[in-house]
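The values are calculated or read from the model by the stated rules, or taken from the named source; none is laboratory data. For clarity, every value in this text was computed on a predicted model and none was experimentally measured. Positions of Cβ are generated from backbone atoms using ideal geometry, with glycine treated the same way; all protein chains shown enter the neighbour counts. Accessible surface areas use protein heavy atoms only, side chains included; no ligands, DNA or RNA. Shrake-Rupley method; radii C 1.70, N 1.55, O 1.52, S 1.80 Å.
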Amino acid sequence: MASNEKPTTTETEVEITRRINRTNGQAKNAILEFLMELGINKIIYVDDRCSIQELKEAFIAKLKEKFTSKPLEIDFVDWNAPQPRFEKAIADLWESSTDEIKRDLFLKILKYEGNLDEIENSTAPLNLKNHLNDKIDLLSPSEWEERKDQIISELNTETKVLFLFDIEFEHAPLPSGRNGIDLAEELLNNQEIKDFVYCGIFSHLFAVNEEYAKRNEYHDSRQFEKNRFYTISKKRFQNDSYLPGLAEGIKNTLWINEVEYLKNESSKILRHSFKNSLIEIDELNPDSFNHVIQKSSRKEGIWEIATLIRVNNIITKDKALNILLSKTKRAKINESLSKIRKLEKIKTGGETPFDKTQIQKLRHKELYIESSVLNQLHFPISNGDIFRINNKDFILLGQPCNLAMRSNGKRDIGRGKTYETGFLLEIESISKEAFQKLKGGQLSTIGLLENSDLVSDNYSIVRFQMFQTVSLSPLDLTVFNEDGKAIINLNKLENDSSTIQESWKLRYKKLHEEFLEYRNNILTYRKLRSASKTNLQNLIYYGEIFKNYNINNENVLTRSGNKITLNIQRTSYYREPYSSDLLQKFMQYLSRNAFDMDFLND
């Protein structure tokens with residue numbers, strides 16, 4: 001956990017002090033602003049380090065352990081005294097010292113041990129009190145047990161409290177053995193005070209990027225409501241400036257309630273929308289349902305399940321919008337959004353690392369359908385399909401209505417004509433620097449594919465001028481195989497799979513005829529003994545069906561002659577509207593105007 005203001009290697013001690021003071025001042029103001037914004041009266045921090053007297057046993061035990069080694073770095077004791085006198089002297093030293101001196105002595109031991117976690121834990125409470133004064137009460141676990149009933153009885157709308165519990169009470173264990181989680185649980189289970197309580201749970205046992213995981217763990221194991229508490233890693237707290245890290249942790253603790261409210265309201269809206277969608281779909285009479293899902297899909301060559309998902313999206317969106325007609329509901333959502341934004345605007349002097357992994361996965365799902373789904377569901381060949389061909393990636397572009405498989409197993413485009421070809425464009429990787437140097441004319445010949453990489457120095461592009469017109473037959477073979485490979489078993493005259501669309505079963509018959517002829521030509525070629533038969537090789541292996549594919553076909557047919565395996569595999573699908581946008585730009589390139597040469601140009 002670091003502050004926003006980064007230290008430099010050339011800082012003097014004065015500059016370091018000034019920087020720390022600035023960040024601490026910013027953090028202090030942020031914490032006070034958080035409390036004021038949410039109407040929180042004060043912070044109560046329960047930690048075994050909050051009362052210096054709780055450290056007496058640890059202080060004495062640590063020095064006794066070191067009596068044999070007698071480290072000279074710890075210079076406030078007489079290591080040469082006999083052990084009984086030594087032990088009495090350190091006990092007397094503790095009792096005769098002020099709280100501030102006790103803490104300094106204890107810190108000297110920790111610094112000698114190099115125990116950074118212990119140092120942070122021990123200095124934190126005192127620093128907090130120095131900065132926040134009467135806005136924070138520091139309590140040891142035993143002090144909390146003594147005062148909790150009174151504190152809880154005083155909670156009300158005007159007296160809200162942010163409670164911070166350290167999990168481990170190593171230096172001041174309660175007689176009952178309970179830890180900070182247990183104390184927090186007792187508080188969070190009290191439904192009478194839930195509107196007056198914010199709760200943060202501290203620990204040095206997990207890192208900042210594990211806070212959400214720990215929060216989920218305690219939610220599952222303790223049944224804590226997610227909007228009632230937040231887990232804060234003590235790794236946020238750096239040695240020279242503890243307060244900014246704490247301020248960030250407090251901010252998360254305070255806005256979590258509003259974020260969880262938004263999540264819950266969103267879930268309710270979606271849940272009710274889905275529920276009402278199911279009711280409306282169920283109420284469709286058989287004729288209407290059959291016409292929409294079955295007849296229209298068959299006519300247009302669209303997968304029926306895709307039509308069903310489309311219908312569901314139409315109805316669900318409509319139901320969600322109707323739910324939001326409630327002004328009260330919209331007002332509550334806007335109020336929550338306003339609180340979150342106000343808290344986010346407050347600068348703490350610290351920063352929380354943002355793990356974008358979940359967002360990255362969501363964005364990737366928006367952009368692509370992966371092969372595991374695409375091929376196992378036998379998606380029809382579509383504009384935006386991406387293929388691995390001879391270890392290179394290509395994207396298929398073509399008008400969706402031309403690529404759609406009609407009910408007769410053909411790509412009819414009217415007047416007895418069928419569409420048999422598509423455009424393949426190789427997907428290249430280009431450095432960000434090289435892409436930014438491209439000029440306007442060059443950019444018009446390039447299509448950019450969106451990606452979900454968090455940090456990328458490369459872009460995925462296609463060069464429109466390098467397109468290849470290819471037969472769709474080799475690509476069509478990928479639809480029938482769950483691994484997306486272009487394979488056909490010529491022993492199977494028909495595809496009898498119950499998971500393949502009827503239109504594609506008809507297409508399979510045509511493909512079987514086409515590749516059976518291709519197989520027969522190869523077998524005939526193999527039998528030729530003429531020395532000049534190599535002249536026929538390209539014609540046999542690389543005929544019209546494989547024009548522009550640039551793949552090695554000489555070993556595609558098994559020895560038995562029953563199976564053809566091409567070096568083609570469908571790997572993903574570039575979703576709408578991104579694939580349609582890429583197609584449109586490609587079509588604009590193809591339809592660009594040509595002008596005669598300007599005689600004025602040299």
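Below are the figures for this structure:
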| read-out | value |
| --- | --- |
| Whichever lysines have a C-alpha closer than 16 Å to that of Lys485, once near sequence neighbours (fewer than 8 apart) are set aside | Lys392, Lys563 |
| Among 48-55, 503-510, the order from most to least packed when residues are scored by Cβ within 10 Å on average | 48-55, 503-510 |
| Lys pairs, the stretch 40-80 - Cα-Cα below 24 angstrom, 8 or more residues apart or on other chains | 4 |
| Loop-located GluC sites (Glu not before Pro) in the stretch 492-591, at most 15 other Cβ atoms within 10 Å (DSSP) | Glu494, Glu554 |
| Long-range Cα-Cα pairs in the stretch 268-355 (distance over 16 Å), rounded percent | 68 |
| Dipole magnitude (debye, nearest 20) for the stretch 52-131, charges at Cβ of Lys, Arg, Asp, Glu | 180 |
| Residue-wise HN-Hα coupling along the stretch 251-267, computed from phi with Karplus coefficients 6.51, -1.76, 1.60 (Hz; x: Gly, Pro) | 4, 4, 5, 7, 7, 4, 4, 6, 5, 5, 4, 4, 4, 5, 5, 4, 4 |
| Overall form of the stretch 149-261 per C-alpha gyration tensor (a/c, 1.5; a/b vs b/c) | rounded |
| Protein accessible area in the stretch 242-288, 1.4 Å probe - carbon and sulfur % | 55 |
| For Ile568, residues with placed amide H under 5 Å, excluding near neighbours | Ala486 |
| Aspartates and glutamates whose Cα lies under 14 Å from that of Lys275, excluding same-chain neighbours fewer than 8 positions away | Glu283, Asp318 |
| Degrees between helix 116-132 axis and first principal axis of the chain (Cα, 0 to 90, nearest 10) | 70 |
| Structure-derived semi-axes √(5λ) of the Cα gyration tensor in Å - corresponding label in (1) 50, 43, 20; (2) 42, 26, 22; (3) 69, 32, 25 | (3) |
| Relative packing of 436-447, 262-273, 404-415, which averages over residues the other C-beta atoms within 10 Å, highest first | 404-415, 262-273, 436-447 |
| With Cα atoms, 0 to 90° folded angle of helix 211-222 axis to the chain main axis | 80 |
| Rounded to 5, percent antiparallel among DSSP beta bridges of the chain | 65 |
| The chain, relative contact order in percent, only Cα pairs under 8 angstrom and at least six apart counted | 14 |
| Total charge dipole magnitude, the chain, about the Cα centre, Cβ charges on Lys, Arg, Asp, Glu only, Debye to nearest 20 | 3200 |
| Heavy atoms of Leu278 accessible to a 1.4 Å probe, total area in Å² rounded to 10 | 120 |
| Furthest towards positive pole of dipole, Ser338, Phe595, Ile74, structure part the chain, Cβ charges | Phe595 |
| Separation of alpha-carbon centers, the stretch 448-468 and the stretch 473-526, rounded to whole Å | 32 |
| Cα centroid separation - the stretch 275-342 against the stretch 30-101, whole Å | 63 |
| Flagged links, alpha-carbon separation over 28 Å, of Lys226/Lys342; Lys410/Lys527; Lys88/Lys135; Lys148/Lys332 | Lys410/Lys527; Lys88/Lys135; Lys148/Lys332 |
| Only Lys, Arg (+1) and Asp, Glu (-1) charged, at Cβ; the stretch 273-336 dipole about Cα centre in debye | 340 |
| Estimated vicinal HN-Hα couplings, Hz - the stretch 316-322 in sequence order (Karplus 6.51, -1.76, 1.60; Gly, Pro = x) | 4, 4, 4, 5, 5, 5, 5 |
| Cross-link reach list, lysines versus Lys347, counting only Cα pairs under 18 Å and skipping chain neighbours closer than eight places | Lys6, Lys28, Lys251, Lys339 |
| Cut-off under 5 Å, modelled amide H: who pairs with Ile136 long-range | Ile43 |
| Residue (of Ile395, Thr352, Ile369) at the positive-pole extreme of the stretch 320-426, dipole from beta-carbon charges | Thr352 |
| Cα long-axis angle, helix 357-367 against the chain (0 to 90 degrees, to the nearest 10) | 20 |
| Percent antiparallel among DSSP beta bridges (both partners in the stretch 136-257, rounded to 5) | 10 |
| Extension gain from Leu72 to Tyr212, taking 0.36 nm per residue of separation minus the Cα-Cα distance | 46.0 nm |
| Sequence-distant residues sharing a close amide H with Tyr368 (under 5 Å, placed H) | Arg575 |
